Amino acid sequence: MSDNQLDNLAQLSDILLVLDKERMKIEAVKSLHQNGQMETVSPTKKNQNQFMRIDKHGDFLSNFFSNFYNQLKNPSNFSFFKVPAPIAIEKAKEIQNHYKSPSTESEKNIDEYEIKPDSLEHSNLKNKDNMETEKTEYRFDSEQIDWETMNNLGLSKERLEKLNQLDPLLKGYKTNQLIPVSINFGSAILRTDVRLSLQQTDDSKIVPALHGIRKEPNLNYEFFGHRFTDEDKKNLLDTRNMGRVVNLINSKTGETIPSIISIDRLTNELIALKTEYIKIPDEIKGVKLNEKQKQTLKEGKPLKIEGMTSTKGKEFSSYVQYNADKRYVEFLFDKNLDSKQSQKEAFEAPKIFRNKELSKEQYNDFKDGKTVYIDGLVDKKGQPYQGYITFNKESGKTKFSFPNQLKETAQPSDAHKTQVAVNSKGKTNESTKHLQKELKPKQQSPKNKEDKKAVEKVSKSVKSKRHKM
């Protein structure tokens, strides 16, 4: 396999690590079976090719854990971790070291990778309710498969059953994980990872179809007569679903076929599905769909559903969309179509800047994006200093300026303008530059009598000079 293929595979897949708490030993999962069985190997570079790769967004783990935890007598004896392929060996060592010498810091570093069995419920919508139409639909017969060709690729019946991939293949689906194959060209042998499916030849033989990994989806050329628009490309790259029905042309028969298009999550291959095969469930997570909502999903469009209920009883909302590759309605948690707006709303102005807490008045102006004066700051040498801060609502960042650094783009609010003049040593206000004490936030004139007289005296002097000029 080339370096590009390896890099692409690493981005598309994760490695599953398991900790046996009785032995306190971390290992990499080699294979999982729906009956609760699993094989493991030491997480070393030597065994790296044996690590089972799983789709980052797939549902295989959900199916596995539902059976695995039900069958184990003591499921709490195991902890699972899903880590990106490029750092799997490194993370395995890190997790092992943590359990040898636990610390709060190391616990935080590995916590994000641990799989909580009860958290898998939100990963997708492929459950008993919405997959009823697929329970008994088998497209191929095992006896019709060209096992000689399969064996030459290293894909024996026993191996496919062991990987729990034969059943979905017979139903007409692609494998939900990448499978290593070997292709012998006589003078050369190609070893690569592919998704596998079955197809029928003209002489009624069932042969394997290999779906290799692409660096990126090819959106610049026609796809069965359809040329992708800029909006099509954006939708496919953002959500992996094009979001509308288009007429594709069968190159052999010339037949026009209404279809939706998605991107294969593991190989970046473009996948089309006839609209007649789209099955929409009547209910999703406790919310009954009306005909308008069902029609939206049948058209391949994203649909936001409010008030869904998780198995824990918690209410949540999310966009859902039908995926041509997975052949079911999926959540778009990571590609929420309201992400841009929610991101803007997510940034909240901090109430403390460099260990200095803002007053209520300062904070109200600061969070509104106004430039606010702040004093009582202390530098690394213990010296006090002051300046002006401005909060950027879009980036969530705070800009600091010293009094003599303020630019036109970051002018203070009216309540702080006099203060700028005073605290920048009078460079913009002659009447206040002789004051000994700085003005407080929103204070535009001195309070004591001596300072007031000094300001009035300077103001008269300035007016007199202007009159003579």
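Gly376 meets all of the listed conditions (1) touching a Pro at 6+ places or on another chain (Cβ under 9 Å); (2) under 22 Å from Glu348 (Cα atoms); (3) not hydrophobic (A, V, I, L, M, F, W, C) but one, namely (2). Inspect segment 152-159 for any residue being under 31 Å from the mean Cα position of the chain (by Cα) and either within 18 Å of Arg53 (Cβ to Cβ) or modelled with pLDDT of 90 or more (or both) and give the result as yes or no. So far as segment 152-159 goes, no, none of its residues is under 31 Å from the mean Cα position of the chain (by Cα) and either within 18 Å of Arg53 (Cβ to Cβ) or modelled with pLDDT of 90 or more (or both).
Using the structure shown, decide if Lys279 is at pLDDT 90 or above and out of contact with any strand residue (DSSP E or B) (no Cβ under 9 Å at 6 or more places or on another chain). When the stated conditions are applied, Lys279 does not pass them.
Of the residues in segment 286-332, how many are assigned to a loop (DSSP other than H, G, I, E, B) and without any contact (Cβ under 8 Å) to a residue 24 or more places away in the chain? Step through it out loud before you land on a result.
Taking segment 286-332 and keeping what is assigned to a loop (DSSP other than H, G, I, E, B), we get 286, 289-290, 299-302, 310-314, 324-327, 332.
Subsequent filtering for residues that are without any contact (Cβ under 8 Å) to a residue 24 or more places away in the chain retains 286, 289-290, 313-314.
So the count comes out to 5.
Do we have any residue at all in segment 190-200 that's within 30 Å of Ser318 (Cα to Cα), in contact with an Asp or Glu (Cβ under 8 Å, 6 or more places away or on another chain) and not aliphatic (A, V, I, L, M)?
Quick first cut of segment 190-200, residues within 30 Å of Ser318 (Cα to Cα) only: 195.
Restricting the remaining residues to those that are in contact with an Asp or Glu (Cβ under 8 Å, 6 or more places away or on another chain) gives 195.
Filter once more, so that each one left must be not aliphatic (A, V, I, L, M): 195.
Within segment 190-200 (the criterion being within 30 Å of Ser318 (Cα to Cα), in contact with an Asp or Glu (Cβ under 8 Å, 6 or more places away or on another chain) and not aliphatic (A, V, I, L, M)), the answer is yes, since at least one residue qualifies.
Flag set for Pro302, criterion: surrounded by 14 or more Cβ atoms within 10 Å (Cβ to Cβ) and at pLDDT 90 or above.
Conditions tested, residue by residue: (1) open to solvent by 60 Å² or more (accessible area, probe 1.4 Å); (2) modelled with pLDDT of 60 or more.
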site: Asn63; (1), (2): no, no
site: Asn74; (1), (2): yes, no
site: Val83; (1), (2): no, yes
site: Pro86; (1), (2): yes, yes
site: Lys91; (1), (2): no, yes
site: Ile95; (1), (2): no, yes
site: Lys100; (1), (2): yes, yes
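Of all residues in segment 255-281, those satisfying the criterion of being in a loop (DSSP other than H, G, I, E, B), over 21 Å from the mean Cα position of the chain (by Cα) and touching a residue at least 12 places away in the same chain (Cβ under 8 Å) are Ile278, Lys279, Ile280, Pro281. Of the helices (runs of 4 or more DSSP H) lying entirely inside segment 135-241, those containing at least 3 residues that are open to solvent by 40 Å² or more (accessible area, probe 1.4 Å) are 147-152, 157-162, 230-239.
Scanning segment 242-261 for residues that are within 22 Å of Leu303 (Cα to Cα) and open to solvent by less than 30 Å² (accessible area, probe 1.4 Å) turns up Met242, Gly243, Val246, Ser259, Ile260, Ile261.
Each row is one residue, and each column tells you yes or no for (1) modelled with pLDDT of 85 or more; (2) within 22 Å of Phe51 (Cβ to Cβ).
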| site | (1), (2) |
| --- | --- |
| Ser187 | no, no |
| Val194 | yes, yes |
| Asn235 | yes, no |
| Ile249 | yes, no |
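The values are calculated or read from the model by the stated rules, or taken from the named source; none is laboratory data. These numbers come from a predicted model, not from an experiment. Cβ: placed from backbone, ideal geometry, glycine included. Neighbour counts: every protein chain shown. Quick note on the areas: whole protein, heavy atoms, side chains included, nothing else; ligands and nucleic acids left out. Shrake-Rupley method; radii C 1.70, N 1.55, O 1.52, S 1.80 Å.
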